[in-house]
Amino acid sequence: MTSGWTIESVKATIAAKKVSARELAAEHFKRIAARNGELNAYLTLSEERAYAQADKIDAAVAAGKPLPALAGVPIAVKDVISTRGVRTTCGSKILNNYIPPYDATAVSRLEAAGAVILGKTNCDEFAMGSSNENSAYGPVQNPAAPGTVPGGSSGGSAAAVAADLAVASLGTDTGGSIRQPGAFCGIPAMMGSYGRVSRYGLIAFASSLDRIGPFARNVGDVAAVLKVMAGRDPNDSTSTTAPVEDYTRELKKPVKGMKIGIPKEYYGEGMDSGVRAKITAGIELLRTLGCQLMDIELRHTDYAIATYYIIATAEASSNLARYDGVRYGLREEADTLVATYRKTRGAGFGAEVKRRIVLGTYVLSAGYYDAYYLKGQKVRALIAQDFRNAFEKVDAIVTPTSPVPPFSLGERTNDPLQMYLADIYTVTGSLAGLPGISLPCGKISGKLPVGLQIFGPAFGEARVLQLAHAFEEAGGATV
Ligand code: GLN
């Protein structure tokens, strides 16, 4: 059997009865068994569940029934997304024995569309990180550039697709955690607008920023997975009623004449020269497709990292208060209740999570709330306004996904600030609630993948995907 499956090739092959959904799942589990020891992309496999679903698809094929959109497609799910009966750890020791009693809406929608869930992927603890080195279960290797990090926090999901251990996967993005690992592993990766995909069953990091989105082998597959998950969910009051466009059909619309904003704030100091060369070539490619390039200003970009790390940590400190040894997961018994809390949290959380709980508690505390948290919310509004102003003039905004190519394992672990700066181009769109995609845009010295990021206006997913598709078709991955 071949590797490099796409949703289209899976569907065609299964419908033609050349391969069964069960065989395809087995082929993936075999590859996972061979490579996961080295890559550490999966934390838990859900074989029983996968084969039961595959058998359902095979029965539908045998009965000549019409096949749903993702029939038989093997998909991996980041371990912060709840799966009924399948261990969900959030990459943390504190949840190492947690088995959710229900499925996230994103997962149940994928399964209803015929997808086969292979298992749960490694990630930074509670999705906090940019390199996957904060997982309590060890780092993930980048299959696209051995020796380097796969990006984070959804590193396992990105690596699984890049190494052919899944056809598509789900990640979550709070400040860049889908787009940046997509860039580092050389595959397309997208977050829809805030509210586009239900967060029900997504274990919260920062609720006003968290989003679920897909990794896949091509833009068409990204569109197909996003479409299945998108749409209002009564279980998440922040999910939107805005209609879901037919992203797959919209993909092929021409991009000639599209106006593309190039924000000067994203092309200054701090960008690696290799990244700059590839992004410049990528932008040139968009020009040859007939897009009109325009310089724009996003004035408050400089404040984005500070704003993000105030708001995200504040929300995290509140969301993570529930892990107290009483209600979920790990419990470290001690003499008093307070001592039990302290011992459980001390033993269960890793250093980065603790750092953020401390920072988040501080910015929310009496006397500092106005100076930090409230100020952060005001700056967030200004950043969102910058984008709204820009989208009055342009249809899409193009930037690098990350200022640097994938770095070596261990290179930044002792310098949290350096690690936070890796998010400089992604957190803005997160704060503003916009859709964004990262696309492969060549490799530095033929080795290190570079990602080009496209932002669209709120609920402009179809437009983002159109431009992404045109870029991919024109050979953007090898500029
Ligand atoms: N790297 C960022 C952080 O550490 C983003 C994480 C994310 O998007 N989940 O917070």
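Taken together, the values in this text are just the output of simple stated rules run on the coordinates, not laboratory data. In this text, all values refer to a predicted model and were calculated from it rather than measured experimentally. Methodologically, a virtual Cβ is constructed for each residue, glycine included, from the backbone with ideal geometry; neighbour enumeration extends over all protein chains shown.
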So how do F29, F455 line up by other beta-carbon neighbours within 10 Å, fewest first? F29, F455
Order these by the 10 Å Cβ neighbour count, fewest first: L320, L364. L364, L320
Sort out for me the Cα centre separation of the stretch 290-346 from the stretch 94-140, rounded to whole Å. 17
If you restrict to DSSP beta bridges whose two residues both lie in the chain, what percentage is antiparallel, to the nearest 5? 65
So which chymotrypsin sites (Phe, Trp or Tyr not before Pro) in the stretch 189-241 are both in a DSSP loop and have at most 12 other Cβ atoms within 10 Å of their Cβ? none
Helical contribution to [θ] at 222 nm, DSSP H n ≥ 4, -39,500 (n - 2.57), averaged over the chain, rounded to 500: -11500 deg cm²/dmol
Taking the square root of 5λ for each eigenvalue of the C-alpha gyration tensor of the chain, the equivalent ellipsoid has semi-axes, largest first and in whole angstrom, of 31, 30, 20
What is the distance, in nm, between label points placed 7 Å from the Cα along the Cα-to-Cβ direction at D295 and at Y368? 4.1
Using a simple spin-label model with points 7 Å from Cα along the Cα→Cβ vector, what separation in nm is obtained for A62 and K264? 6.7
What net charge is computed for the residues neighbouring G213, neighbours being all others with C-beta under 14 Å from the C-beta of G213, Lys and Arg scored +1, Asp and Glu -1? +3
Overall form of the stretch 72-216 per C-alpha gyration tensor (a/c, 1.5; a/b vs b/c): rounded
Quick check: pseudo-label points 7 Å beyond the Cα along Cα→Cβ at R31 and S3, how many nm apart are they? 0.6
Can you work out ³J(HN,Hα) from phi for every residue in the stretch 93-106, in order, using Karplus 6.51 cos²θ - 1.76 cosθ + 1.60 and θ = phi - 60°, giving whole Hz and x for Gly and Pro? 5, 5, 10, 5, 10, 8, 10, x, x, 8, 9, 4, 4, 4
For the stretch 217-324: rounded, prolate or oblate by the Cα gyration tensor [a/c cutoff 1.5]: oblate
Considering only DSSP beta bridges with both partners in the stretch 48-188, what is the antiparallel share in %, to the nearest 5? 10
How would the stretch 326-463 be classified by its alpha-carbon gyration tensor: rounded, prolate or oblate, with rounded meaning a/c under 1.5 and the a/b versus b/c comparison settling the rest? oblate
Less than 15 Å Cβ to Cβ from Y51, Lys/Arg counted +1 and Asp/Glu -1: what total charge do the surrounding residues give? -3
With the label point 7 Å along the Cα-to-beta-carbon line of E411 and a cut-off under 15 Å to each amide N, the hits in the stretch 117-159 are 130-133, 141-152
Of the options S408, F459, S445, report the single residue whose Cα projects farthest towards the positive end of the charge dipole of the stretch 327-479 (beta-carbon charges: Lys, Arg +1; Asp, Glu -1). S408
Please find the FRET efficiency linking E332 to I99, where r is the Cβ-Cβ separation and R0 is fixed at 22 Å, and quote it to the nearest 0.05. 0.65
Expected output is a single nm value to one decimal: the length gained when fully extending between K17 and L382, i.e. 0.36 nm times separation in residues minus the C-alpha distance. What is it? 125.9 nm
